Amino acid sequence: MSLTAFDGTIHARIGELGARVLNGGEISRTEALWLFNLESSSDILDLMSWANRIREHHKGNKIHLCSIVNIKAGGCPENCRFCAQSATYQTESPRYNMVDPEPILAAVDEAQSNGVAAVGLVAAWRGLEEGPMLDELCNAFGKMRETGKTRPDASLGIIKSQKVADRLKEAGVECYNHNLETSRGFFPQVCTTHSYEERLQTIHYLKQAGIKICSGGIIGMGETREDRCELAFSLKEVGAHVVPINILNPIAGTPFAGNEPLPPMEILKTIACFRFILPRQEIEIAGGRTVNLRDLQSMVFMAGASAVMVGNYLTTLNQPVEKDLQMLKDLGLDPSWDKHGFSDQAQGEAKRPPAQPEVAAVPA
């Protein structure tokens, strides 16, 4: 058996960077990439410990729960290479047209009964423009808002104009999910039917309308650690309030079907690095956590996650909501989160003075 000598300089440097973020500072891209490249399990656990402190400082023991309803499935004209709903690929994913309002309201009732703060309506298409479909959706969001049971969210693709974004805001949409997916440089390896700039323009329209931004990405698509680091800083620049981290669940028939899964410790390290870069945002663990993390799912919160998607995903299954709620209870975490309060948490006025740990500074 070979033993690896303990490197105290790495331990101290992680502590220096963690203490800086905990006390309101920021880390540079170079420093963040150094964290992404940590290899030793002991160093990764050290990193996670600091990420957990940062999460707890800004979020306390509150965990944000959200769920989604797929209101139009399959047949999407975009060629995102991870997606089973793309019409470009032959998959077993279901296809159906726009659902009626009744199933949506039933999903809202179920979400409320499980303490879920937000329900997002998701559709497999290129995006939204003015017309009857926008009218129908605005009517659905209005009904959701009238119930007052959950926060009406949306993930409806590319927004074509400022007027569309304004209509969604007027209808009651509070938060819109539009993932950047990956770094600008790797994006052409993921999708070629629309551009990274179109995604940024959509986020701009939404922000101008006063809608909060939920934007994150997928890891495990073949991107490098540098790509993951760049994605985190891009999300910081666009001012995302909620940052979903999805882990690729390779689907038969898609170009990424043969991708090797990321090791669980690599996933947890990535979450922790995102928390260092985005200390006040809601970092949400979404698709792929069950199949990729298996028995380590509860460790996402120690790694800095403050939100989790519950219920099934768009085309794959999640573990039962009851199991997630029990997991949170066992960890001493509280899912009773104010459904309208994420903007304050994301923009981040710390609720208590920052800790002042004694950490030796180590030069980069």
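The values are calculated or read from the model by the stated rules, or taken from the named source; none is laboratory data. For clarity, every value in this text was computed on a predicted model and none was experimentally measured. Neighbour counts are summed over all protein chains in view; Cβ atoms, including those assigned to glycine, are modelled from backbone coordinates with ideal geometry. The area values use the complete protein model at the heavy-atom level, side chains included, leaving out ligands, DNA and RNA. Shrake-Rupley method; radii C 1.70, N 1.55, O 1.52, S 1.80 Å.
Less than 5 angstrom separates the built amide H of Asp334 from those of Lys62, Ile63, all sequence-distant by 5 or more or on a different chain.
Looking at the chain alone, DSSP beta bridges between its own residues are antiparallel in about 5 percent of cases. The computed Cα extents along the principal axes in Å for the structure shown corresponds, within (i) 80, 49, 39; (ii) 55, 52, 47; (iii) 64, 43, 37, to (iii). Using a probe of 1.4 angstrom and keeping all protein chains present, the accessible surface of region 28-127 works out to 41 square angstrom per residue.
Phi angles across region 185-194 convert, under the Karplus curve 6.51 cos²θ - 1.76 cosθ + 1.60 with θ = phi - 60°, into 3J(HN,Hα) values of x, 8, 3, x, 7, 9, 8, 10, 8, 8 Hz, Gly and Pro given as x.
Too long at a 20 Å Cα-Cα cut-off: which of Lys207/Lys236; Lys72/Lys163; Lys212/Lys323? Before the final figure, lay out the partial values.
Values: Lys207/Lys236 14 Å; Lys72/Lys163 23 Å; Lys212/Lys323 29 Å.
Beyond 20 Å between Cα atoms: Lys72/Lys163; Lys212/Lys323.
What the Cα atoms of region 122-230 give is an Rg and a Dmax of 14.9, 45 Å. When the chain is treated as a GNM with alpha-carbon contacts under 10 Å, the residue of Ala118, Ala165, Ala257 showing the greatest mean-square fluctuation is Ala257. Note on Asp295 and Thr9: with the Förster distance fixed at 30 Å, the Cβ-Cβ geometry gives a FRET efficiency of about 0.40.
If you roll a 1.4 Å probe over the heavy atoms of the protein chains, what accessible area per residue do you get for region 248-301, in Å²? Please report the intermediate quantities before stating the final value.
Working: 1700 Å² over 54 residues.
Heavy-atom SASA per residue in region 248-301 reads 32 Å².
Once you have the alpha carbon radius of gyration of region 96-165, what is it after dividing by 2.2 N^0.38 Å, with N set to its residue count? For region 96-165, the normalised Cα radius of gyration is 1.12. Taking 0.36 nm per residue of separation and subtracting the Cα-Cα distance, full extension of the segment from Ala257 to Gln189 would add 23.1 nm. The equivalent ellipsoid that matches the C-alpha gyration tensor of region 1-143 spans semi-axes of 44, 22, 15 angstrom, in descending order.
Using a 1.4 angstrom probe on the protein heavy atoms only, could you order Thr254, Thr91 from most to least accessible area?
Numbers: Thr254 10, Thr91 30 Å².
Accessible-area ranking of Thr254, Thr91, largest first: Thr91, Thr254.
In deg cm²/dmol and to the nearest 500, what is the mean residue ellipticity at 222 nm of the chain if only DSSP H runs of at least 4 residues count, each as -39500 (n - 2.57), divided by the residue total? Let's see the in-between values first.
Details: 13 runs with 148 residues, N = 364.
Here the helix-only value at 222 nm equals -12500 deg cm²/dmol.
Counting only protein chain heavy atoms and rolling a 1.4 Å probe, the accessible areas of Glu78, Glu174 rank, largest first, as Glu174, Glu78. Distance from the alpha carbon centroid of region 76-90 to that of region 277-304 works out to 26 angstrom.
Across the accessible surface of region 43-114, with the other protein chains kept in place and a 1.4 Å probe, carbon and sulfur atoms take up 47 percent.
Between Thr224 and Ala106, the contour length at 0.36 nm per residue exceeds the alpha carbon distance by 38.4 nm. Apolar share of the accessible surface for region 183-298: 51 percent from carbon plus sulfur atoms, 1.4 Å probe.
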